[in-house]
6 protein chains.
Amino acid sequence: MVYLTRSEHFNAAHKLYNPAWTPEKNDATFGVCANQNWHGHNYDLYVTIKGEPHPDTGFVYDVKKLSILIREQVVDKLDHKNLNLDVPFMKDKMCSTENLAIAIWNELAPHLPEGVQLHCIKLYETARIYVEYFG
Amino acid sequence: MVYLTRSEHFNAAHKLYNPAWTPEKNDATFGVCANQNWHGHNYDLYVTIKGEPHPDTGFVYDVKKLSILIREQVVDKLDHKNLNLDVPFMKDKMCSTENLAIAIWNELAPHLPEGVQLHCIKLYETARIYVEYFG
Amino acid sequence: MVYLTRSEHFNAAHKLYNPAWTPEKNDATFGVCANQNWHGHNYDLYVTIKGEPHPDTGFVYDVKKLSILIREQVVDKLDHKNLNLDVPFMKDKMCSTENLAIAIWNELAPHLPEGVQLHCIKLYETARIYVEYFG
Amino acid sequence: MVYLTRSEHFNAAHKLYNPAWTPEKNDATFGVCANQNWHGHNYDLYVTIKGEPHPDTGFVYDVKKLSILIREQVVDKLDHKNLNLDVPFMKDKMCSTENLAIAIWNELAPHLPEGVQLHCIKLYETARIYVEYFG
Amino acid sequence: MVYLTRSEHFNAAHKLYNPAWTPEKNDATFGVCANQNWHGHNYDLYVTIKGEPHPDTGFVYDVKKLSILIREQVVDKLDHKNLNLDVPFMKDKMCSTENLAIAIWNELAPHLPEGVQLHCIKLYETARIYVEYFG
Amino acid sequence: MVYLTRSEHFNAAHKLYNPAWTPEKNDATFGVCANQNWHGHNYDLYVTIKGEPHPDTGFVYDVKKLSILIREQVVDKLDHKNLNLDVPFMKDKMCSTENLAIAIWNELAPHLPEGVQLHCIKLYETARIYVEYFG
C-alpha cells in the first residue's frame, strides 16, 4: 500500500456565526471571526489517497487525474467564493475548518475510482492552523 | 546602512469591482475576483526599514517595536476585515494588492522614528503573487 | 473524529552533554552539539489534538484557546531560555529533541479540556530534523 | 516510542515510459512525462525511524549518523543521476514516485541498527505531489 | 511605480557540458552536473514587472494575463523538457542557471504590453541556489 | 550582470547585552533577549554575488566553490557556537543581527575571486525577521 498526496489551493471568504445565537454571543464566542462583513483565507488542501501501484504504470492513481478530480469536485465550488453564501454543500453548517474538511471528504469520496481509497483530507486555514479528517 | 525587515500577517475579505462599470464589464475584467459575495486571502506583509545600527544596541530599530507599530498602524485595521467595506483608508479605491501596498506605506511612513526610513512594503496576496512599493 | 493542529515557535539555547561522562566522551558522542558555551535553535512546535466538532461552533476546540494554552503551559517556559539551565521540567534530562517533545506532551496533556485528547507533539529542531511523540 | 525524521535532497532526471507499450500509448498515458529526452526534479526525501530514546543520549538514533546512512545507501546513488539509466535498484521498474519510494525503503531498511525501525519513506516529486510508504 | 511578481514552475532535465572540452575537463569542472545521462530540477521562476497602477483597475497589469504570458512564452517551452536538447532558445549555450535566466528575459521582454516594463527574472535551481537578472 | 545567491545555515546561541549598562537597563531595553543564560537561533544566510557569466561555463562563479567559501570563511566560525563568546570577529560588538550581517560581509568580501563582487548579505534570525547589508 502506498499513499499519494496532491495539494490544491483556493481563496475564499467566510465568517463564523451561529444564527441561533445573539450577535453578542457570536462576538463573545468567535471574536473577530464573527465580523458580519466577512474575512477570508488562502486555503491549502492536501488530498491523500492510498492503493497498490499498478504494474503497468507504477501509479496508485494518475496524479494529473487526481488533480482534475479535486478541482472539478471541490476547488471549483470553493475558489473565489463566499463559503457561507455560495456553496450548497456548506449550507446550514457552521463554516469552521473542521466542518469544511468533512464536507470536502464527502464531496470527493464517491468519485474515486475502484482500487483507490480516500485516506485523508488535510486543510490549512493559515500556515499555522490545519485540520485532518480520515473519514 | 542596514535594511531590517519584519513580516506580519492578516486575513481579509475583498472583491475587485469598479462601481463606475456595469456588472458585465466587471465580470469580463476581473472574472471570479468580482464575485459579489466576496472572497478572501491570507496576506503576508513584509515591512523593510533602513538606517544605521545604533552603537549602544546594534539595532537599526528595535524589531519588537517595529512589530507593534505595524500591528497598531496597519494590521489591526485590516485583520479579519472586509477591505472594501471596513477600512477607512481603502475607501473609494480599487482594492487591488497594488493599491493596498501603497495605502499601507502611507499609513506606516509617518509613524517611523527619526533616523529610520521606510524602504519597502512587500505584500503577498497568495504564495505566487506579490507586489512591492518603494514610496 | 477530526484532528486539529496549531503551531507555535520558540527560540532557545541548549547543549547535548551527559554529566556522567568525561568531556572527551561527550565530544566524541555529540560533536559540535556538546560545545560548552551552548548553541541554539528556532524550534517549531506543532500540537495536534483530536475530538468531535461541537454542533454549535463547528470546533473540536477553539484554536485561539489552544494557542493560549500552548503558550502558557509550554512556550512561555521555553522561549528565549537555556533549555539545560532555565527549564524546571527539563532538569536532569538529556536535552535532546526527543526528550523535549516527551516533556512538552507531559506539560500540556493535563490541561486539555474534557472531550479533547492530545494526539501528537511534533517538534522541529531545524527545517530538516523533527521528532513526533504520540504519548 | 518516539519518531525521528531527517530530510535529504537529490536532483535527478527521469521519464515515465513503459517499454512494452507503443510510443503512442506511452504519450496517451503519461503525456509530457513520457518525453523521450527526459525531464527532472528536485526530490525531497523524508526518512522517519522510530524507537525508544536511549537514557545516556536522549537519542532514538544519532541524527548525524542517520543522515550519513541515508546519503550512503540512497542519496549518493540517486543524486545527479538518470533514474531510468543510472540506478541499479530501479532497473526494469516503472520510474514513478511510488516505485521510487518503495525502492528507497528496500535499500535503507537493512542498514538500520538494532532497536531502531524504519517507519516511513516520504518522497516529494514537486512541492505539490508526494508519496508515503510504510513498508 | 509598483513592482508586481508572479511565480511559475517547470521541471526539466539538463547537464553542464562544454562540447569544446574533453570529457575529463568537463568532469573536473562540472563534477556530477556533467553526468552524460542528465539530471534535472524543479525550477521556480519569479517574473517581476513594474509600472503605474491603472486608475480603473488598480492593476499594474492583470496578474492572470501575466501568468498566461509567462506560460505561453516561457514555461510551455521548458516544462518537462531537456534544456540542452529540446529548447531552441538554449541551443549552443552553456545550460547554466545564469544563462537560462538571461534567455528567459529575452523571450519574455518583447511580449509585455505598453506601459509595463520587465524588471527582474529570478530563477531558483534548488531551494538554496538562485540567480537574478535585471536586463 | 547576473546576481547569484547561495544560502547556508548555522545554529548558534547569543544574547543581547550591553556590558556598559546595568542589568536593569539591559532588561528594560532587550527584554527576554537579555537572558543571562543565553538563547539561540537557526540562522539562514543568503550570500549574493554579481558578475558576468563566463562564456566557457555559463557561471558567474561556481556555486559549489561559493558554498565552500561561505562555509570556510563564515559558517564554520559560527555554527554551533556562542556568538558572544566563541567568535573572534564578533568580540566587543553588540551581537545584533544587523552587526552580525556586517561582520559576515567583512569576513567574506576579501576572499571572493577577481571579477566577482559581493552584493548582499541577507541574514534571517527567525522566519519573520531578517536584515540585508550591501556594503
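Things worth noting here:
- Most positive-pole-ward Cα, E:Phe134, E:Cys33, E:Asn82, against dipole of chain E from beta carbon charges: E:Cys33
- Overall, the anisotropy analysis places region C:1-108 in the prolate class: the square-rooted eigenvalues a ≥ b ≥ c of its C-alpha gyration tensor yield a/c not less than 1.5, with a/b exceeding b/c.
- Only DSSP H runs of four or more residues enter the estimate; each adds -39500 (n - 2.57), and after division by the residues of the protein assembly as shown the mean residue ellipticity at 222 nm equals -6000 deg cm²/dmol.
- For chain C, built as a Gaussian network whose Cα springs stay under 10 Å, the top-fluctuating residue of C:Glu72, C:Glu114, C:Glu52: C:Glu114
- Residue of chain A with the smallest Cβ distance to the axis mapping A onto E, distance rounded to whole Å: A:His9, 7.
- Highest-MSF residue in chain F out of F:His41, F:His14, F:His54 [GNM, Cα springs under 10 Å]: F:His54
- Cross-link table A:Lys81/E:Lys65; A:Lys15/E:Lys65; F:Lys15/F:Lys64; C:Lys65/C:Lys122, entries beyond 29 Å C-alpha to C-alpha: A:Lys15/E:Lys65; F:Lys15/F:Lys64
- Averaged over the residues of E:76-89, the number of partner chain Cβ atoms lying within 10 Å of the residue Cβ comes to 3.
- Among A:His111, A:His54, A:Thr22 - extreme Cα towards positive end, dipole of chain A, charges at beta-carbon: A:Thr22
- The angle between the Cα long axis of helix D:97-108 and the main principal axis of chain D comes to about 40°, on a 0 to 90 degree scale.
- Shortest-first nm distances, E:Gln36 label point to equivalent points in other copies (7 Å, Cα→Cβ): 2.0, 5.6, 6.8, 6.8, 7.6
- Distance from the C-alpha centroid of region B:1-48 to that of region A:7-40: 19 Å, rounded to the whole angstrom.
- Per residue of peptide B:4-17, the mean number of Cβ atoms on other chains within 10 Å of the residue Cβ is 5.
- Cα gyration tensor shape of region E:81-135, rounded if a/c is under 1.5, else prolate or oblate by comparing a/b with b/c: oblate
- Sequence of D:Asp62, D:Asp92 once ranked by neighbouring C-beta atoms within 10 Å, starting from the fewest: D:Asp92, D:Asp62
- Among D:Cys33, D:Cys120, D:Cys95, residue whose mean-square fluctuation peaks in a GNM of chain D (springs only between Cα atoms under 10 Å): D:Cys33
- The protein assembly as shown: C-alpha gyration tensor shape, a/c 1.5 cut-off, then a/b vs b/c: rounded
- Mean partner shielding of peptide C:90-101, defined as the number of other chain Cβ atoms within 10 Å of each residue Cβ, is 4.
- Magnitude of the charge dipole for region C:2-133, about its Cα centre and with charges confined to Cβ atoms of Lys, Arg (+1) and Asp, Glu (-1), is about 180 debye.
- Theoretical FRET efficiency, 1/(1+(r/R0)^6), r = Cβ-Cβ of C:Lys91 and E:Lys65, R0 51 Å, to 0.05: 0.25
Values in this text are rule-based calculations from the coordinates and carry no lab data. Predicted model only: the values in this text are computed from it and were never measured. Don't worry about glycine lacking a Cβ; one is built from the backbone with ideal geometry, like all the others, and counts go over all protein chains shown.
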